[in-house]
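The values are calculated or read from the model by the stated rules, or taken from the named source; none is laboratory data. Given the structure is predicted, the values throughout are model-derived calculations rather than measurements. Backbone-built Cβ (ideal geometry, glycine too); neighbour counts: all protein chains shown. Surface areas here come from the heavy atoms of the whole protein model, side chains and all, with no ligands, DNA or RNA. Shrake-Rupley method; radii C 1.70, N 1.55, O 1.52, S 1.80 Å.
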Amino acid sequence: MEQKRNGFGTRIGFELAAAGSAVGLGNLWGFPYKASANGGAAYLFVYLACIFLVGAIAMLAEFYIGRRSKANPVSAYKAISPNWGWIGLLAVVVPALIMCYYYVLGGYTVKYALNSFVGNAGRFERFAGNVGDVILHTVVFALVALAIVTAGVRHGIEKSAKLLLPTMLVILIVISSFSLLLGAGVQEGLAYYLKPDFSKLTGSGILSAMGQAFFSLSLGCGAMITYGSYSGKQVNLARSTAVVCILDGVLTFMVGLAVFPALFHYAAVSGSGLSELGMGGTGLMFITLPMVFEDMGAGGQILSLLYFTMAAIAATTSVISILEVVTQFIIQRHKVDRTRAVSVVTLVCVALSIPVGLSLGLSLNGSSELQIFGKNLLELLDSVTNTLLMPLCALLACIAVGWKLPKSERFTGFSGVMLRFITPALIVVIGLFGALDIVFPAAEGARAFSSDGFAVVVIACIIVLLCVLAYRIFLRDRDTGSNADEAEANALRKEKLSAGLQRGWQRPE
Ligand code: PFF
């Protein structure tokens, strides 16, 4: 029987899907406030350097791990060494955890986009406090992702990426052009964003830029391994890595062009100080920007609609990549069909995202209920995954490709040196300083031990330990499947269906 190829149909489809995973709320929400907290242009410069020098190498390693095995992350690492499959399991668990808060944030973008039709996009606290509303929008967002992933890699993920990524680019061009033409304050905004003053860049700013680059490129959470496993043999992975990094870098750069001139314009017109705008805080996208858009009148309303629609699109193309990681694993491990796998994953993650949304809402309204270790659940999950587990997974991917593969497969030249030495060293630095920041947070200039922070690091260690144990007990000596399983399962289902139909036709009257 002819084996139907299961994966991306075209190179460009693969690249757009991977770029769609990369460009997400990290670029639209995280980048502007982190850049303004860390000196603007200098931060941008370090961020772009990290994308192209460090992130690109780790991405290439992850694509390669997926492509050489044509399987889910567990099988992919197992193929490198039977003892390394637990890393693959970790790379399936981390996206599941990320999904529990990404759904909530995606729900926020949907709500803000819809609100923009009727006026002001809204205020974070007001929306966050309305439990029913948060759940409703989280579910709507999750259902859109479910529909795309159910349609499959080629007909769902690839097709949507081909449509949504160019749409996002067009919207961003419109918004940044509009922003650049605002007049008063634009020059100052541009100077802030584009003229680097490295004296403003601290060590923690550099680390934040590195961490941001990794999160933005979707590294260390199985997404690029899974997408790599669906890429055809004819795809030049180095070239595709370059395309994805360039797209991510360009779109991030343009987000700054859209946001900073608008903020400085608002400051100039309203006479408010930049600190009053909450420039360096997490509320920049959900609190300050709606205020800035509202101040612009009718034009601002259109801008608001465009910005939050773009954010909802960006969140969708990102979340489908993490949903696909877990879905692919379940299809292959349990030999079930796609619809069933994706429905179960969505159901479980949406259920888990409800307390996360509630906890965020309560904390925004000044209540510390539903917090663990002094953090709301979104912050907790973000610290555990983004700061600790993702760098760990990315580091292990580099070590696997740089040191564990047979010599004939290893990268040589510049990328070989980067992969074996420089990139792992930089990831270790990001991870260690990230952990240090959690355990000894800086308060009023001094650092003090935080038992809550320590508990967060312990949680991350427990997750790693559980993955090692679960792998050894349940997966090490069992087949964890490959991409061919899905095609086989589909063929079998079709055969059964047609046999059933034929029997039906032949049944005597
Ligand atoms: N890169 C996405 C963003 O910038 O928002 C976040 C993300 C998506 C992280 C997918 C990890 C992932 F697997």
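Worth pointing out:
- Translational diffusion coefficient of the stretch 132-223 (Stokes-Einstein, Kirkwood radius from Cα pairs, 4 °C, 1.567 mPa s): 74 µm²/s.
- Taking each residue as 0.36 nm, the span from ARG410 to HIS334 lengthens on full extension beyond its C-alpha to C-alpha distance by 24.1 nm.
- Per-residue SASA entry for CYS100, accessible area with 1.4 Å probe, Å² rounded to 10: 10
- Computed from Cα atoms, the angle from the helix 131-150 axis to the main principal axis of the chain rounds to 40 degrees.
- Radius, Kirkwood style, for the chain when every pair of distinct Cα atoms is counted (Å): 23.4
- Distance in nm between pseudo-label sites at LEU492 and SER272 (7 Å out along the Cβ direction from Cα): 6.0
- Across the stretch 451-466, rounded Karplus estimates of 3J(HN,Hα) from the backbone phi angles (6.51 cos²θ - 1.76 cosθ + 1.60, θ = phi - 60°) give 5, 4, x, 4, 4, 5, 5, 4, 4, 4, 5, 5, 4, 4, 4, 4 Hz, Gly and Pro being marked x.
- Cα-based equivalent ellipsoid of the stretch 38-98: semi-axis lengths in Å, sorted from largest, via gyration tensor: 30, 14, 8
- Phi angles of the stretch 233-246 translate, via the Karplus equation with coefficients 6.51, -1.76, 1.60 and θ = phi - 60°, into HN-Hα couplings of 4, 6, 6, 7, 5, 5, 5, 5, 4, 4, 4, 5, 5, 5 Hz per residue; Gly and Pro are given as x.
- Two-decimal Rg to Rh for the stretch 264-405 - Kirkwood Rh, Cα set: 1.07
- 3J(HN,Hα) from dihedral phi, the stretch 74-90, Karplus parametrisation 6.51/-1.76/1.60, rounded to Hz, x for glycine, proline: 5, 5, 5, 6, 4, 5, 7, 7, x, 7, 9, x, 4, 5, x, 5, 4
- Ordering 113-120, 215-222, 175-182 by mean Cβ neighbour count within 10 Å, with the highest value first, yields 215-222, 175-182, 113-120.
- Short-range pairs are left out: with C-alpha atoms under 8 Å and at least six residues apart, the relative contact order of the chain is 30 percent.
- Projected label distance in nm at ASP479 and LYS162, using a 7 Å step from Cα toward the beta-carbon: 3.3
- Value at 222 nm in deg cm²/dmol, rounded to 500, when DSSP H runs of n ≥ 4 in the chain each add -39,500 (n - 2.57): -22500 deg cm²/dmol
- Cβ-derived FRET efficiency at R0 25 Å, VAL140 paired with LEU347, nearest 0.05: 0.95
- Two-site FRET efficiency, ILE302 against ALA191, from Cβ-Cβ distance with R₀ of 41 Å, rounded to 0.05: 0.95
- Counting only protein heavy atoms and a 1.4 Å probe, the stretch 39-148 has 29 square angstrom of accessible area per residue.
- If the chain linking ALA446 and VAL131 were pulled fully straight, counting 0.36 nm for each residue of separation and taking away their Cα-Cα distance, it would gain 109.7 nm.
- Computed over neighbours whose Cβ is under 14 Å from that of LEU182, the net charge equals -2, Lys and Arg +1, Asp and Glu -1.
- When the chymotrypsin sites (Phe, Trp or Tyr not before Pro) in the stretch 394-473 are filtered for DSSP coil states and for at most 13 other beta-carbon atoms within 10 Å of their beta-carbon, the remaining sites are PHE449.
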